[in-house]
Amino acid sequence: MAQQDSPVSRETLERLSKSKEAARLMELLGRQGEVQTAAQAAAQGDTAPLMKMLRTVMDSPEGAKLTQRIREQAEQ
């Protein structure tokens, strides 16, 4: 049976956004370039560029570890 994701509170999101893991993840995303352009495209409904950037980072060993740590922190 698949585990359903539970909603994350605003307080949890704020705490996570200030973590060193989130800061490092943002650095990695920034290295992919065109973050602003991808975010603007996503806001207009085209999420493909943003998803491509996220997949690239999450497929790296460091990105995978960071996202796992952030996920664990969100569950606390």
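Among the residues here, residue 40 does not qualify as within 21 Å of residue 15 (Cβ to Cβ) and either within 14 Å of the chain's Cα centre (by Cα) or modelled with pLDDT of 90 or more (or both). When region 1-37 is limited to residues that are at negative phi and among the acidic types (Asp, Glu), the one that is modelled with the lowest pLDDT turns out to be 5. Condition first: touching a residue at least 12 places away in the same chain (Cβ under 8 Å) and surrounded by fewer than 15 Cβ atoms within 10 Å (Cβ to Cβ). Now tell me which residues in region 53-76 satisfy that. If the condition is that a residue be touching a residue at least 12 places away in the same chain (Cβ under 8 Å) and surrounded by fewer than 15 Cβ atoms within 10 Å (Cβ to Cβ), then 56, 60, 62, 73 are the ones that fit.
Give the residue, chosen from 13, 28, that is out of contact with any strand residue (DSSP E or B) (no Cβ under 6 Å at 6 or more places or on another chain), in a helix (DSSP H, G or I) and surrounded by 14 or more Cβ atoms within 10 Å (Cβ to Cβ). Step by step, each of 13, 28 is checked, and only 28 is out of contact with any strand residue (DSSP E or B) (no Cβ under 6 Å at 6 or more places or on another chain), in a helix (DSSP H, G or I) and surrounded by 14 or more Cβ atoms within 10 Å (Cβ to Cβ).
The values are calculated or read from the model by the stated rules, or taken from the named source; none is laboratory data. All values reported here derive from a predicted model rather than from experimental measurement. Cβ coordinates were reconstructed from backbone atoms using ideal geometry, including for glycine residues, and neighbour counts include every protein chain displayed.
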